[in-house]
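The values are calculated or read from the model by the stated rules, or taken from the named source; none is laboratory data. Bear in mind that the values here come from a model prediction, so they are computed numbers and not experimental data. Using ideal geometry, Cβ is built from the backbone for each residue, glycine included, and neighbour counts are taken over all protein chains shown. Each accessible area value is taken on the protein alone, full model and side chains, heavy atoms only, with ligands, DNA and RNA left out. Shrake-Rupley method; radii C 1.70, N 1.55, O 1.52, S 1.80 Å.
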Amino acid sequence: METLSYKDEADRAYGLGAMAVCMVVWDNEQYMSGLSLDASENLGLEISRDYFLQANQNLSAKGVWNSLFSRMQMDAGLLVSNAMGRIIVRGKREITPQEAARLLDLINEEGEAMCSLEKDESRALFDKCFNYFHRIFSHPTVGELVGRIASDLQRNRRLDRDELMVILRPLLR
């Protein structure tokens, strides 16, 4: 995976399915509206507008930063999950050091732009996401759920939130 572009439709479906898992395991499923293979490349995970709302302007600077950092953490989790769904679940292999370095580079860029994170802070965020989601996506049951989402998504072209939550119900227990 020299770049993060999708190889084919199945690759994209696995990446999107893994992103849905990320939304659920990090308790953000209320922001997920659905998944679509027909949406433009960066819009396949349909997220409600509430997710993108700016922090309350009456918050302290620290409160605003914490809100931005929380969103940055979710974005990093989505990026890492997408890659792991495609590589670990679909590809049935480990992420190479080069692939991990590319993910870290992207998180560094976004962390600096969104939250003014230093490289060591972005690295800590990357390590947290990578380790957490590696355990998640290495679990056979999670792999089956991602595979089912990918299969249903390729067949139906779109899955709404309710359809996804039925599939992902085992993660809510």
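Below are the figures for this structure:
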quantity: Positions within region 150-169 being under 19 Å from Asp27 (Cα atoms) and either open to solvent by 70 Å² or more (accessible area, probe 1.4 Å) or at pLDDT below 95 (or both), in sequence order; calculated: Arg161, Asp162, Glu163, Val166, Arg169
quantity: Pairs where the first residue, in region 157-169, is over 14 Å from Ser48 (Cβ atoms) and the second is in a loop (DSSP other than H, G, I, E, B) and not charged (D, E, K, R), C-beta under 6 Å, 6+ apart; calculated: Arg157/Leu37
quantity: In region 25-35, the residues that are touching a strand residue (DSSP E or B) at 6+ places or on another chain (Cβ under 8 Å) and either open to solvent by less than 10 Å² (accessible area, probe 1.4 Å) or among the β-branched types (Val, Ile, Thr) (or both); calculated: Met32, Gly34, Leu35
quantity: Complete set of residues in region 93-126 that are in contact with an Asp or Glu (Cβ under 9 Å, 6 or more places away or on another chain), of a type in the set (Lys, Arg) and without any contact (Cβ under 8 Å) to a residue 24 or more places away in the chain; calculated: Lys119
quantity: Residue within region 133-149 that is within 21 Å of Asn28 (Cα to Cα), within 15 Å of the chain's Cα centre (by Cα) and open to solvent by 50 Å² or more (accessible area, probe 1.4 Å) present; calculated: yes
quantity: Among the candidates Ser116, Ser70, residue that is at pLDDT below 95, within 15 Å of the chain's Cα centre (by Cα), surrounded by fewer than 18 Cβ atoms within 10 Å (Cβ to Cβ) and among the hydroxyl-bearing types (Ser, Thr, Tyr); calculated: Ser70
quantity: For Leu78: the one exception among (1) in contact with a Leu (Cβ under 9 Å, 6 or more places away or on another chain); (2) of a type outside the set (Ser, Thr, Tyr); (3) in contact (Cβ under 8 Å) with a residue 60 or more places away in the chain; (4) within 25 Å of Arg173 (Cα to Cα); calculated: (3)
quantity: Boolean, Asp27 is of a type in the set (Asp, Glu) and assigned to a loop (DSSP other than H, G, I, E, B); calculated: yes
quantity: Output for region 45-88, where each listed residue is in a helix (DSSP H, G or I) and among the charged types (D, E, K, R); calculated: Arg49, Asp50, Lys62, Arg71, Asp75, Arg86
quantity: Residue within region 42-49 that is closer than 18 Å to Tyr14 by Cβ and surrounded by fewer than 12 Cβ atoms within 10 Å (Cβ to Cβ) present; calculated: yes
